[in-house]
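Trainee: Structure provided below as structure tokens; questions to follow.
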Amino acid sequence: MNTEILGSVLQVVLMVVLAYPLGRYIAKVYKGERVWTDFMAPVEKWMFRLSGINPAESMNWKKFLVALLTINVFWFFWGMFLLVAQGHLPLNPDGNPGQTPDQAFNTCISFMVNCNLQHYSGESGLTYFTQLFVIMLFQFITAATGMAALAGIFRAMAARTTSDFGNFWALLVKSCTRVLFPLALVVGFILIVEGVPMGFDGKMEVTTLEGETQMISQGPAAAIVPIKQLGTNGGGYFGVNSSHPLENPTFLTNMVECWSILVIPMAMVFALGFYLKRKKLAFTIFGVMLFAYLVGVVGAHYFEMRGSDQIARMGISQELGSMEGKEIRVGSAGTALWSQTTTVTSNGSVNGMHDSLTPMTGMLAMLNMMINCWFGGVGVGFMNYYVFIIIAVFISGLMVGRTPEFLGRKVEAREMKIAMIVALSHPFFILLFTAIASFLVAHDPELAATWLNNPSFHGLSEMLYEYTSSAANNGSGFEGLSDNTYFWNYTCGIVLIMGRYLPIVGQVAIAGLLAGKKFIPESAGTLKTDTSTFAIMTFLVIFIVAALSFFPVLTLGPIADYLSF
Amino acid sequence: MKSNLLKSLRLTLVFCVFFSVFYIFVLWVFAKVAGPNGGNAEVVLLDGKVVGGANVGQKFTKDIYFWGRPSCAGDGYDASSSCGSNKGTTNEEYLAEVESRVDTFLVKHPYLKREEVPADIVTASGSGLDPDISVASAYAQVKRVATARGLSEEKVKEIVGMTLQGPLCGMFGPAKVNVLKLNLALDENAD
């Protein structure tokens, strides 16, 4: 069998197999049971003491949210200040200037919301200082924010009737010290051995074999790459992310990095099963997500390895598939797998240029982000799925004439309203802003020429992809779009904020409201939520609400692009 | 609110020490010890002189060398501004460009048939710094390089075979040829 396909198969198998024990471990960490990383406890104790936090203080969902939002607002000002001032700060051997306010606004929000959309190139737009004290720091702590929110929801779901969501600060710190930190270290060690740079010297000057001078950008990449993958952040150290040969030098690093994208989101689903002691529920949810993911993966492999029809017509050999924007050491299969993995989660790192994917693979990638709940970002991905479970419970409840309830709590009008607002806001923001941008482009050819790198249908795809990626907090892009302008920096910033905080607030509120209700023990009249029938029902609800809202615009973008040859 | 803000400030500073200093320090020390070049980009040497990054592609235009893939990084293989073409595969302008690359490649390699031109040698890589070419692209250039160097085709093929890197563990991922290492092997062979 083709070694490229075998490579992809191995990666998926390793994700699933290792996610299971990791999920069990994560559940134990959040429950406070004994685990092998308990040697971190004294460190955590110091962290709490230095920050004036009492980790035992219990919070209701409103207090929990206030703490979460406060620290996020604080991070915004922290990031803005450092990014604008970076030119005057230390660790800047290449003498890079500070970012402009609109660019800093976009960068800061994008990293704060765990999106990592980048309207700059890492080599020249940041300094080593901001790479470490803004970018990398945010990649750890914003990922931990999402995980902490989910841990709070786990707790609310597990208890019978409670107002206790756990302590936000404690969950935040533990997500960092017990999950993200150890995994990032291990991945970092592997990358360093394989040749990813980890130093603080400036650019390296070499004289090539043909006698020319080449300046090679380097720096502490091996510290940032592990967490950008593990925390579903995606913001690369270098401009071209993991297609850069120093960020991803071998097929082994490619496998490790791709594995790192999906392992925690997968583990979170298993963690739910262990935490609630409802393994069957976790397995059915996992099954739906894995199925949807694999459909995209198989499709992408087919279209990329088959090659581009246009190139085929030139009569040259496309044995390796469509190679525009791809790297030899990764291969077309490697990029196909990564393109789907990075979009089912909210990661957004790339190992090939998405703008140059064949139209149908580009569409599958967009569809993943439009649905935004197959595995999803660390923590928040499952929370998006949770909203659809609530909707599915309500609809199936009405269909079969039973009281809609989930895990022993009645779902009523108030939760449904919140769930619908969260579910519909996603397509609303993407479509609204894409419509505004395409209206501007259609009425001003000059603007179109400065923004877009490709004409007609593909141009629409570029704009649609940018907003979809922003709303899904993904961060990958059709990078042909010239997005470092006032318009794109600010509009994407707004979409980013809405795409992150509206869902988190809504989901925590639903969980909080449900947890406060009276517990109804399961009876013969209960709608079972861990059956395959209910799994299919959820899948259909997601498909109808999320995917079909986008069908018209997908027809005008990638599908027309595909059919127009 | 006020106490939350204060906690946020203090916790952020604590995280800075933990991640931006401690975590970085551990990896930095590890790289000094176990990294291929003490934490800097790995390099390759010719007669003790650095001639390039082991994983970073560089521009080759002379006939005595194997050529790498087209590059959109700066003026070509600019390792301080990595970049792909970001062209959609249906873009007319882009297709015309590829077409002209195919023609140029055929002019330089007149012994090849059109269907023997591998797509990777006429399409730009994602980073613009791809250090590798496909195995087919290497063999396609053998005759030109052999002629330019006055070596036999068998000898050049043998050198390609030696530099060729197979899939990981022989089973996973693509095979590749590192252009710089291949050209270096040729130069070393000439001495």
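Trainee: Percent relative contact order of the range A:274-388, based on C-alpha pairs within less than 8 angstrom and at least six residues apart?
Mentor: 25 percent
Trainee: Let me have the 222 nm mean residue ellipticity of chain A computed from DSSP H runs of 4+ only, each contributing -39500 (n - 2.57), with the sum over all residues rounded to the nearest 500.
Mentor: -20000 deg cm²/dmol
Trainee: Still on this structure, please answer the following. Based on alpha-carbon atoms only, what is the radius of gyration of the range B:73-127 relative to the globular estimate 2.2 N^0.38 Å?
Mentor: Dividing the Cα radius of gyration by 2.2 N^0.38 Å gives 1.26.
Trainee: Place a +1 charge on the Cβ of each Lys and Arg in the range A:1-124 and a -1 charge on the Cβ of each Asp and Glu, then give the dipole magnitude about the Cα centre in debye, rounded to the nearest 20.
Mentor: 700 debye
Trainee: Now for a different question. Which value, in Å³ per residue, describes the convex hull spanned by the Cα atoms of the range B:1-40?
Mentor: 44 Å³
Trainee: Another question, if that's okay. So, in nm, how far is label A:Leu432 from label B:Arg10 when the simple model puts each one 7 Å beyond its Cα toward the Cβ?
Mentor: The answer from the label model is 4.0 nm.
Trainee: Scan around B:Val122 for amide H atoms under 5 Å from its own, H built in the peptide plane at 1.01 Å from N, and keep only partners 5 or more places away or cross-chain.
Mentor: none
Trainee: About the Cα centre, and with charges only on the beta carbon of Lys, Arg (+1) and Asp, Glu (-1), how big is the dipole of the range B:42-189? Nearest 20 debye, please.
Mentor: Dipole of the range B:42-189, to the nearest 20 debye: 300 debye.
Trainee: Please list, in order, the residues from the range A:528-565 whose amide nitrogen is less than 18 Å from a point placed 7 Å along the Cα→Cβ vector of A:Ala442.
Mentor: A:550-561
Trainee: Next up: Starting from the Cα of B:Asn189, step 7 Å along the direction of its Cβ; do the same at A:Phe487; then give the gap between the two resulting points in nm.
Mentor: Placing both labels 7 Å beyond Cα along the Cβ direction yields 5.5 nm.
Trainee: Let me ask another. Which of the peptides A:278-284, A:266-272 is most tightly packed, and how do the rest follow, judged by the mean count of other Cβ atoms within 10 Å per residue?
Mentor: Sorting A:278-284, A:266-272 by mean packing, highest first, produces A:266-272, A:278-284.
Trainee: Farthest toward the dipole's positive end in the protein assembly as shown, which of A:Gly287, A:Leu246, B:Met171, given Cβ charges of +1 (Lys, Arg) and -1 (Asp, Glu) about the Cα centre?
Mentor: Looking along the dipole axis, the top candidate is A:Gly287.
Trainee: Still on this structure, I have one more. Treat every Asp and Glu Cβ in the protein assembly as shown as -1 and every Lys and Arg Cβ as +1, leave all other atoms uncharged, and give the resulting dipole magnitude about the Cα centre to the nearest 20 debye.
Mentor: It comes to approximately 3880 debye.
Trainee: Starting from the alpha-carbon convex hull of the range B:42-189, give the projected area averaged over all orientations, in nm².
Mentor: Taking a quarter of the hull surface, the average projection is 9.9 nm².
Trainee: Please tell me the relative contact order of chain B in percent, rounded to the nearest whole number, where contacts are Cα pairs under 8 Å and at least six residues apart.
Mentor: 20 percent
Trainee: From the residues A:Phe74, A:Pro182, A:Met157, which one has its Cα farthest along the dipole of the range A:61-195 in the positive direction, the dipole being from +1 and -1 charges on Cβ of Lys/Arg and Asp/Glu about the Cα centre?
Mentor: Highest projection toward the positive end goes to A:Met157.
Trainee: At what distance in angstrom do the alpha carbon centres of the range A:417-454 and the range A:52-113 lie from each other?
Mentor: Each part's Cα centre sits 27 Å from the other's.
Trainee: Which residue fluctuates the most in chain B, going by a Gaussian network model with Cα springs under 10 Å, if the choices are B:Phe19, B:Phe105, B:Phe66?
Mentor: B:Phe19
Trainee: Treating only the Cα positions of the range A:138-202 as identical point scatterers, give the base-10 log of I(q)/I(0) from the Debye formula at each q in 0.13, 0.19 Å⁻¹.
Mentor: -0.50, -0.77
Trainee: Still on this structure, I have one more. What FRET efficiency comes out for the pair A:Asn2/A:Leu563, r = Cβ-Cβ distance, R0 = 25 Å, nearest 0.05?
Mentor: 0.30
Trainee: What is the packing order of peptides A:172-185, A:143-156, A:413-426, taking the mean over residues of other C-beta atoms within 10 Å and listing the highest first?
Mentor: Going by the mean number of other Cβ atoms within 10 Å, highest first, we get A:143-156, A:172-185, A:413-426.
Trainee: I've got another one for you. Pairs of alpha-carbon atoms within less than 8 angstrom and 6+ residues apart define the contacts here; what relative contact order does chain A have, in percent?
Mentor: Once divided by the residue count of chain A, the mean separation gives 19 percent.
Trainee: On to the next question. Which is farthest toward the positive dipole end of the protein assembly as shown among A:Val9, B:Ala54, A:Pro521, measuring Cα position about the Cα centre, with Cβ charges +1 (Lys, Arg) and -1 (Asp, Glu)?
Mentor: With unit charges placed on the Cβ atoms, the residue in question is A:Pro521.
Trainee: Could you state the angle between the C-alpha long axis of helix A:532-542 and the longest principal axis of the C-alpha atoms of chain A, as a value from 0 to 90 degrees rounded to the nearest 10?
Mentor: 50 degrees
Trainee: May I pose another question? Using a Förster radius of 60 Å, what is the FRET efficiency between A:Lys410 and A:Asp94 based on their Cβ-Cβ separation? Nearest 0.05, please.
Mentor: With a Förster radius of 60 Å, E is 0.50.
Trainee: When Cβ neighbours within 10 Å are restricted to other protein chains, what is their mean count per residue of peptide B:70-82?
Mentor: Mean partner-chain Cβ count within 10 Å for B:70-82: 5.
Trainee: Over the Cα atoms of chain A, what radius of gyration and what Dmax do you get, in Å?
Mentor: 23.0, 80
Trainee: If you restrict to DSSP beta bridges whose two residues both lie in the protein assembly as shown, what percentage is antiparallel, to the nearest 5?
Mentor: Bridges in the protein assembly as shown that DSSP calls antiparallel: roughly 95 percent.
Trainee: Per residue of A:213-224, how many C-beta atoms from partner chains lie within 10 Å of its own C-beta, taken as a mean?
Mentor: Averaged over the peptide's residues, the number is 6.
Trainee: For the range A:234-277 and the range A:191-232, what is the centre-to-centre distance using only Cα atoms, to the nearest Å?
Mentor: With the range A:234-277 and the range A:191-232 each reduced to a Cα centre, they are spaced 19 Å.
Trainee: One-quarter of the Cα convex hull surface for the range A:241-283, in nm²?
Mentor: 3.6 nm²
Trainee: Test of understanding: what is the full-extension gain from B:Val17 to B:Val107, defined as 0.36 nm times their sequence separation minus their Cα-Cα distance?
Mentor: Once the chain is fully extended between B:Val17 and B:Val107, it gains 26.5 nm.
Trainee: On to the next question. Top mean-square fluctuation among B:Val33, B:Val56, B:Val21, Gaussian network model of chain B, C-alpha springs under 10 Å?
Mentor: B:Val21
Trainee: Would you mind computing, in nm to one decimal, how far apart the modelled labels at A:Glu522 and A:Asp164 are, each placed 7 Å from Cα along Cα→Cβ?
Mentor: The modelled label-to-label distance comes out at 2.4 nm.
Trainee: Next question. Distance between the C-alpha centers of the range B:149-191 and the range B:64-124? Whole Å please.
Mentor: Cα centres, the range B:149-191 to the range B:64-124: 21 Å.
Trainee: To continue, here is another question. Would you list the P(r) distribution for the range A:460-565, with all Cα-Cα distances sorted into 10 Å bins from 0 and each bin expressed as a whole %?
Mentor: 12, 26, 31, 18, 10, 3
Bear in mind that the values in this text are calculations on the coordinates, not laboratory data. Here the structure is a predicted model, which means the values were calculated and not measured. Every residue, glycine among them, receives a Cβ derived from its backbone with ideal geometry; neighbour counts consider all protein chains shown.
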